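The values are calculated or read from the model by the stated rules, or taken from the named source; none is laboratory data. Here the structure is a predicted model, which is why all the values come from computation and not from measurement. Glycine gets a Cβ as well: all are built from the backbone with ideal geometry, and neighbour counts include every protein chain shown.
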């Protein structure tokens, strides 16, 4: 049974799908192999359940992605480093696709946008004149690197684990490491190939 308020999804690095019934939310940990499909799964789950589905994905501990769906309709898509995967679209287009819409997210969760907007400030995409990594002959600003989006956050703004602070602000609680899942099941062999072969 899915929680009344909604469903939140995150990808783990094990082989099982685990479902945790948390206050107001059902939290699903997908196996690592599904990380490329988490948004499609979130969309389908939202369409079937009618629930608000918030999906977060970490990629190589370098960035985080968030997608939000209600009734199968995408409300928001965000990537903390929009051009990370070598996307060659113009910076304005990248931000249009991956920049996130804090006001839309806040409305969906019924909270004030000022409580979450700082979580959705992506690194700016490289402009047309830049290619690859830039060598900067200046010291790293540790204060900036260790800065928090909000004073009560525990995770630095530069961390890909920033999504945990965002979820905390909207009322999604992560289970402790010692919490057993409410349900656990293993996907059948070849699930990755099946997903790839059924892409629309």
Might you let me know whether segment 97-117 holds any residue that is at pLDDT below 90, over 12 Å from the mean Cα position of the chain (by Cα) and over 27 Å from residue 187 (Cβ atoms)? yes
State whether the residues of segment 36-43 include one that is in contact with a helix residue (DSSP H, G or I) (Cβ under 7 Å, 6 or more places away or on another chain), over 26 Å from residue 149 (Cα atoms) and modelled with pLDDT under 90. yes
Restricting attention to segment 8-22, which residues are closer than 18 Å to residue 171 by Cα and at pLDDT 85 or above? 19, 20, 21, 22
Name the single residue that is surrounded by the fewest Cβ atoms within 10 Å (Cβ to Cβ) among those in segment 106-121 being in a helix (DSSP H, G or I) and touching a residue at least 40 places away in the same chain (Cβ under 8 Å). 115
Any residue that is surrounded by fewer than 17 Cβ atoms within 10 Å (Cβ to Cβ) and either modelled with pLDDT of 85 or more or not in a strand (DSSP E or B) (or both) - is there at least one of those in segment 53-60? yes
Among 93, 48, the single one that is modelled with pLDDT under 90 and more than 15 Å from the chain's Cα centre (by Cα) is 93
Is at least one residue of segment 142-153 surrounded by 19 or more Cβ atoms within 10 Å (Cβ to Cβ), modelled with pLDDT of 90 or more and either closer than 24 Å to residue 84 by Cβ or out of contact with any strand residue (DSSP E or B) (no Cβ under 8 Å at 6 or more places or on another chain) (or both)? yes
Has segment 164-177 got at least one residue that is more than 30 Å from residue 17 (Cβ to Cβ) and at pLDDT below 90? no
